[in-house]
1. Cβ-Cβ distance below 8 Å, separation of 6 or more or different chains: which pairs start in region 41-53 with a residue that is without any contact (Cβ under 8 Å) to a residue 40 or more places away in the chain and end on one that is of a type in the set (Phe, Trp, Tyr) and not in a helix (DSSP H, G or I)?
2. Going through SER92, SER134 one at a time, which residue ends up being loosely packed, with under 13 Cβ neighbours inside 10 Å, out of contact with any Ser or Thr (no Cβ under 8 Å at 6 or more places or on another chain) and of a type in the set (Ser, Thr, Tyr)?
3. Are any residues in region 15-52 modelled with pLDDT under 85, loosely packed, with under 14 Cβ neighbours inside 10 Å and of a type in the set (A, V, I, L, M, F, W, C), and if so, which ones?
4. Would you mind stating whether LEU12 is assigned to a helix (DSSP H, G or I), modelled with pLDDT under 90, hydrophobic (A, V, I, L, M, F, W, C) and surrounded by 13 or more Cβ atoms within 10 Å (Cβ to Cβ)?
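The values are calculated or read from the model by the stated rules, or taken from the named source; none is laboratory data. Quantities reported herein were computed from a predicted structural model and do not represent experimental measurements. With ideal geometry, Cβ positions are generated from the backbone for all residues, glycine too; neighbour counts draw on all protein chains shown.
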Amino acid sequence: MIILGDDAKKQLIDLASDKNIYLEGNICKLIDANGDLQFSTYLQQSISKDRENRKKRLQITKTIQDQNKELLEWKSNNEKLNNDLQSALSASEKAKQLAESDLDVLQKKTQNELVGIIVKVALLIICSVGLITSILFSIILFTGIENKTVESSWSNMFSILLTNSFSIVGTIMGVKYAGNKNNKCNYCKK
């Protein structure tokens, strides 16, 4: 046991009454009041206050530990959500690329079908006009009617039809390959 002198006891009691500062820790249990009632009361108050302070600190420590646990759980949840978002973003990017690719293929297919229809209709019109003009010219030849207008018209008609057919096919091919930047001729690739 530790025995303090009267002067030390008085200073500790004054410190407690003036500034509300008490001894703390297990040292309070080792000090002997040595029959001094006032110092014995001081020691009991010190021990009592020390217990209260320890309880408060323990409660604060538990609260902080609980908050740390919650923060760690939130952090793991946030990381999981982040990973899920990254996965979803990656999947949506892949889906977008696939959709764009499918759309491009569909547009090209539709464009090719449209070009095919235009070429067929243009060739049908060209053949029809050529056939009709040829039939009229044949009738004039077999009937023996001499008509220079029909002869020159027939010649002009075939030259115009031939020119227009090349023009139509050239225009269609130009439209077909105009939007395709990567499509180059075999000689350009070398």
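1. TYR42/TYR22; GLN45/TYR22; SER46/TYR22; LYS49/TYR22; ASP50/TYR22
2. Sole residue among the options that is loosely packed, with under 13 Cβ neighbours inside 10 Å, out of contact with any Ser or Thr (no Cβ under 8 Å at 6 or more places or on another chain) and of a type in the set (Ser, Thr, Tyr): SER92.
3. ILE27, LEU30
4. yes
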